[in-house]
Amino acid sequence: MRPMAFFVLGCFLPLLASLPRATSLADTSASVRAGVSTATRSSSAVVDGTPLPKYQVDLDQPPRLRWEGVMTANRAAARDTVKYLFDKLPAEVHGEVDKFVLEARESLPTWATEEMQGIADVLNVTLGDVVLVNLFFEITPFCTSIVAQSSTTGRVYHARNMDFGLGMPELTENLRSIAVDVEFVKAGKVQFVTTTFAGYVGAATGMRGGVVSITANEREMTGPVPIPNVFKSILNLINALLTTKPAPSPVTWAIREILEDNATSFDAAVSQLSTRALATQMYLTVGGTQAGQGVVLTRDRNELLDAWRLNATASSGEWFLVQTNYDHWLPMPPWDNRKRPAEKFLREVGAAEVSPSAIYESVLSRDPVLNKLTTYTTMMSCGEDVYKSFVRACDKCSPF
């Protein structure tokens with residue numbers, strides 16, 4: 001790895017280790033980040049269960065202009081998040097980060113670079129800041145993804161809780177304030193929809209109606225004795241950015257591209273997600289429109305490790321799959337066992353009664369599946385073209 005990558009890694013790791021209260025961006029680089037907010041949405045307290053605001057991104061626009069409406073509406077809260085994330089970085093690091101981004105720019109997809117530059121324009125921060133925030137989002141979420149099949153209708157339902165901000169409660173609160181649903185339109189028609197955080201161009205949660213739904217969960221801990229993989233993930237991401245084209249893709253950028261360009265069918269999407277070179281290891285839960293079209297893919301950077309499929313007719317009765325942040329074939333760690341409660345709650349619902357509303361109310365809204373880190377819940381049904389997301393806030397729930 002090049003010296004610059006080690007430099008950025010050394011600066012980024014302390015950020016993950018300890019992030020105290022936010023300070024003004026002007027304190028670190030006033031000449032770049034000064035500006036007056038014109039946001040219409042602030043980082044005030046949110047109400048659990050409130051539908052997320054919905055925006056449209058026009059793919060017919062130049063990439064640099066696509067997110068202007070989203071970011072203008074969420075400018076104050078997004079800047080609060082950026083301030084929090086960069087509080088521990090010395091002022092001189094920002095200049096070095098910009099040099100790093102210039103070095104890596106040729107390895108980034110043009111659409112991603114231009115979209116992030118447009119976001120930086122609205123927030124009045126550097127492109128380097130936006131790139132690093134996007135990488136931070138790529139490797140730090142804890143999540144619960146579910147795909148389930150109704151025995152009554154044969155419909156496949158896909159849902160997820162997005163948990164974010166372990167040890168960083170202020171960040172969790174900030175993210176709730178910038179969680180949004182985004183419809184991507186072309187020629188005036190919705191092509192696909194994602195749930196994301198304003199300023200994040202990837203798709204950790206998304207659906208192309210009538211075709212496929214996809215969620216990404218960080219493969220945080222692996223092996224017989226689970227150990228954190230977050231540091232390895234950062235290393236892989238930076239290495240990918242410094243690799244000449246074609247470079248491995250950040251996972252959520254790959255999902256975005258598949259939803260936009262390659263998702264012609266459930267099988268095509270599964271094939272792409274199974275074989276594409278990725279910058280980090282990840283769990284990918286995929287749902288379709290027909291009975292049996294549900295799978296959890298366990299991915300290493302360069303290969304598919306496991307494909308765990310719905311099989312409602314099997315003796316094991318696998319009419320649902322629950323994926324959190326650990327290999328499903330290994331025992332869950334005692335300090336974070338969201339999987340077993342979620343499976344218990346689904347069995348209580350039953351295959352005959354399962355539906356998006358039942359999953360929301362009886363599974364994803366119950367402790368510890370719903371916890372203090374949960375920022376949003378998304379419910380999807382490709383076959384019915386249903387996509388709904390809600391902000392979550394449960395102060396009385398388990399820490400995670």
Inset, instruction - Take the Cβ-Cβ distance between Glu343 and Val190 as r, set R0 to 35 Å, and report the resulting FRET efficiency rounded to the nearest 0.05. - result: 0.55
Inset, instruction - Would you mind telling me the antiparallel percentage of the DSSP bridges in region 238-387, rounded to 5? - result: 95 percent
Legend entry - Estimated FRET transfer efficiency when R0 is 30 angstrom, pair Gln56-Arg105 (beta carbons, to 0.05): 0.60
Inset, instruction - Specify, per residue and in Å³, the volume enclosed by the convex hull of the alpha carbon atoms belonging to region 144-217. - result: 115 Å³
Inset, instruction - Once you have the Cα-Cα distance between Trp329 and Leu304, take 0.36 nm times their residue separation minus that, and quote the gain in nm to one decimal. - result: 7.5 nm
Inset, instruction - Whole Å is fine, so just give me how far the alpha carbon centre of region 246-309 lies from that of region 374-391. - result: 19 Å
Inset, instruction - Using R₀ = 25 Å, calculate the FRET efficiency as 1/(1 + (r/R₀)^6) where r is the Cβ-Cβ separation of Ser265 and Ser362; round to 0.05. - result: 0.20
Legend entry - Zone residues, region 353-381, relative to Glu183, backbone N less than 18 Å from point 7 Å out along Cα-to-Cβ: 379-381
Legend entry - Potential extension, Asp121-Glu318 segment - 0.36 nm per residue separation minus Cα distance: 66.1 nm
Inset, instruction - Keeping all protein chains in place, calculate the accessible area per residue for region 260-400 (probe 1.4 angstrom), answer in Å². - result: 41 Å²
Inset, instruction - Roll a 1.4 Å probe over the protein chains and send me the accessible area per residue for region 144-189 in Å². - result: 29 Å²
Inset, instruction - Compute the length gained on full extension between Ser151 and Asp385: take 0.36 nm times their separation in residues and subtract their Cα-Cα distance, giving the result in nm to one decimal. - result: 82.3 nm
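The values are calculated or read from the model by the stated rules, or taken from the named source; none is laboratory data. Owing to the predicted nature of the structure, the values given are computational and were not obtained by experimental measurement. Here the Cβ is made from the backbone with ideal geometry for all residues, glycine too, and neighbour counts use every protein chain on show. Accessible surface is based on the protein model in full, side chains and every heavy atom, while ligands, DNA and RNA are left aside. Shrake-Rupley method; radii C 1.70, N 1.55, O 1.52, S 1.80 Å.
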